[in-house]
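Student: This is the structure I have questions about; it appears just below.
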Amino acid sequence: MNITIFSASGAIGQLVTQLALENGDFVTAYIRNPKKISLKHLNLTLVQGELSNTSTIERAVAEADVVISTLGPASDMSRKLKGTPIADGHELIVRAMKKLDKKRLITLATPALQSDDDKKNIAKIFLPNGHAEMKKMEGIIKQSSLDWTVVRIINPNVKHKGQSYDYSFGDKPAKLGVSRENVAKFMYSVARDKQLIRKMPIIYNK
């Protein structure tokens, strides 16, 4: 596959990039700072740009079979709202994909982004900036015509000790934490599987 990965230099983004390269895929990594990604591979292409740069985003997704975003809102504890750069970036990504007739998008969110499949209300994440990002993203994603999957996570800072993972739609008990390694494995597996199109699973460590 040709996979475009946004925030490929981040902790989860680098893990997804590594998995894709190990499995023989071609990766276009969209990054702000090339110095933050140490991976080197014949199948890896770096595209440097901001989330606000429409033309660069279009160039990054031009050859993509799948677009994966590991962008996530900062854990900002302040009460002052500071805009929605991640949601705004997603809006440009979705717009570029629509323009270039690309369909498959896999992205990250928190359970503050509500799924129509949720069997019960999931606790609101009390981070004003992150919550504002998620609610704006919710509209952008749900209103798009893309074959999207939103992978929702809580506390992706759990140390990985070889645990497996599972997912729910808020319909069964789930641990409030997941390792970055399991998030990356799940996102990559979703890229090869059409079962979760237009679904928003919550992933957690078993």
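The values are calculated or read from the model by the stated rules, or taken from the named source; none is laboratory data. Computed from a predicted structure; not experimentally measured. Quick reminder, even Gly has a Cβ in these numbers, built from the backbone with ideal geometry, and neighbours come from all protein chains shown. Just the protein is used for accessible areas: all its heavy atoms, side chains included, with ligands, DNA and RNA removed. Shrake-Rupley method; radii C 1.70, N 1.55, O 1.52, S 1.80 Å.
Student: Being modelled with pLDDT of 90 or more, farther than 20 Å from F6 by Cβ and under 19 Å from the mean Cα position of the chain (by Cα) narrows it down to one residue among S179, S189; which is it? Give the derivation first.
Tutor: On the way: S189 fails: farther than 20 Å from F6 by Cβ.
Among S179, S189, only S179 is modelled with pLDDT of 90 or more, farther than 20 Å from F6 by Cβ and under 19 Å from the mean Cα position of the chain (by Cα).
Student: Select from the range 85-112 the residues that are over 11 Å from the mean Cα position of the chain (by Cα) and surrounded by 20 or more Cβ atoms within 10 Å (Cβ to Cβ) and list them in ascending order.
Tutor: Step one: of the range 85-112, the residues over 11 Å from the mean Cα position of the chain (by Cα) are 85, 87-89, 91-104, 111-112.
Those that are over 11 Å from the mean Cα position of the chain (by Cα) and surrounded by 20 or more Cβ atoms within 10 Å (Cβ to Cβ): A87, G89, I93, V94, A96, M97, K102, R104, P111, A112.
Student: Let me ask something additional. Can you tell me which residues in the range 162-177 are within 22 Å of I197 (Cβ to Cβ) and either open to solvent by 10 Å² or more (accessible area, probe 1.4 Å) or not in a strand (DSSP E or B) (or both)? Walk me through how you get there before you give the answer.
Tutor: Keep residues of the range 162-177 that are within 22 Å of I197 (Cβ to Cβ), which gives 165-172, 174.
Y165, D166, Y167, F169, G170, D171, K172, A174, listed by residue number.
Student: If you scan the range 178-192, which residues turn out to be open to solvent by 10 Å² or more (accessible area, probe 1.4 Å) and either polar (S, T, N, Q) or assigned to a loop (DSSP other than H, G, I, E, B) (or both)?
Tutor: The answer is S189, R192.
Student: Of all residues in the range 1-17, which are at negative phi and open to solvent by less than 40 Å² (accessible area, probe 1.4 Å)?
Tutor: Matches in the range 1-17: I3, T4, I5, F6, A8, S9, G10, I12, G13, V16, T17.
Student: Just give me the residues in the range 18-73 being surrounded by fewer than 19 Cβ atoms within 10 Å (Cβ to Cβ), within 22 Å of K194 (Cα to Cα) and not aliphatic (A, V, I, L, M), in sequence order.
Tutor: Q18, E22, N23, G24, F26, E63, D65
Student: Looking at the range 5-63 only, could you name the residues that are more than 18 Å from the chain's Cα centre (by Cα), in a loop (DSSP other than H, G, I, E, B) and of a type in the set (S, T, N, Q)?
Tutor: Listed by number, the residues that qualify are N23, N33, S38, N43, N53.
Student: Additional query: Kindly list the number of the only condition in (1) outside any loop (DSSP other than H, G, I, E, B); (2) modelled with pLDDT under 95; (3) among the aliphatic types (A, V, I, L, M) that fails for M77.
Tutor: For M77, the failing item is (1).
Student: Among the residues of the range 126-145, write down those that are at pLDDT 75 or above and assigned to a loop (DSSP other than H, G, I, E, B). Talk me through it step by step, then tell me what you get.
Tutor: Going through the range 126-145, the residues at pLDDT 75 or above turn out to be 131-145.
Listed by number, the residues that qualify are S144, S145.
Student: Could you please let me know if A123 is part of a loop (DSSP other than H, G, I, E, B), modelled with pLDDT under 80, of a type in the set (A, V, I, L, M) and touching an Asp or Glu at 6+ places or on another chain (Cβ under 8 Å)? It would help to see each step written out before you state the result.
Tutor: Working: part of a loop (DSSP other than H, G, I, E, B): yes; modelled with pLDDT under 80: yes; of a type in the set (A, V, I, L, M): yes; touching an Asp or Glu at 6+ places or on another chain (Cβ under 8 Å): no.
For A123, the condition - part of a loop (DSSP other than H, G, I, E, B), modelled with pLDDT under 80, of a type in the set (A, V, I, L, M) and touching an Asp or Glu at 6+ places or on another chain (Cβ under 8 Å) - is not met.
Student: Right, here's the next one. Is one or more of the residues making up the range 142-161 over 16 Å from V16 (Cα atoms), in contact with a Ser or Thr (Cβ under 9 Å, 6 or more places away or on another chain), surrounded by fewer than 22 Cβ atoms within 10 Å (Cβ to Cβ) and in contact (Cβ under 8 Å) with a residue 40 or more places away in the chain?
Tutor: The answer is yes; a qualifying residue exists.
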